[in-house]
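Worksheet: one structure, shown below.
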Amino acid sequence: MSGDADGPRCHDEVCVTCSDSAVPVRIRELLGDGLAVVDTDAGPEEISVALVDAGPGDVVLVHAKEAIAVVEDAP
């Protein structure tokens with residue numbers, strides 16, 4: 001993506017607006033208040049599940065520590 005004088009520009013093959021990605025993770029447990037613990041490659045992490053209807057065992061797509069979708073099949 002190229003940008004004009006006022007817009008975003010890409011540097012080193014990384015686009016500021018489209019380089020983000022969501023990661024599939026499995027929910028280990030719900031904590032309440034819209035939070036959950038999930039299993040990641042780096043170990044357990046706390047995320048928000050406030051935007052999705054998911055529970056333990058479900059696989060969700062996570063972006064910026066926010067679950068944004070439920071994935072029906074495990075990765």
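Numbers at a glance
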read-out: Probe 1.4 Å, accessible area per residue of the stretch 28-75, Å²; value: 64
read-out: Estimated distance in nm for a label pair at Asp39 and Lys65, the labels positioned 7 Å out from Cα along Cα-to-Cβ; value: 2.3
read-out: Carbon plus sulfur fraction of accessible area for the stretch 36-75, probe 1.4 Å, in percent; value: 51
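The values are calculated or read from the model by the stated rules, or taken from the named source; none is laboratory data. Please read these numbers as outputs of a predicted model, since none were measured by experiment. Neighbour counts run over all protein chains shown; Cβ positions are idealised from the backbone, glycine included. These accessible areas exclude ligands, DNA and RNA; they are computed on the full protein's heavy atoms, side chains included. Shrake-Rupley method; radii C 1.70, N 1.55, O 1.52, S 1.80 Å.
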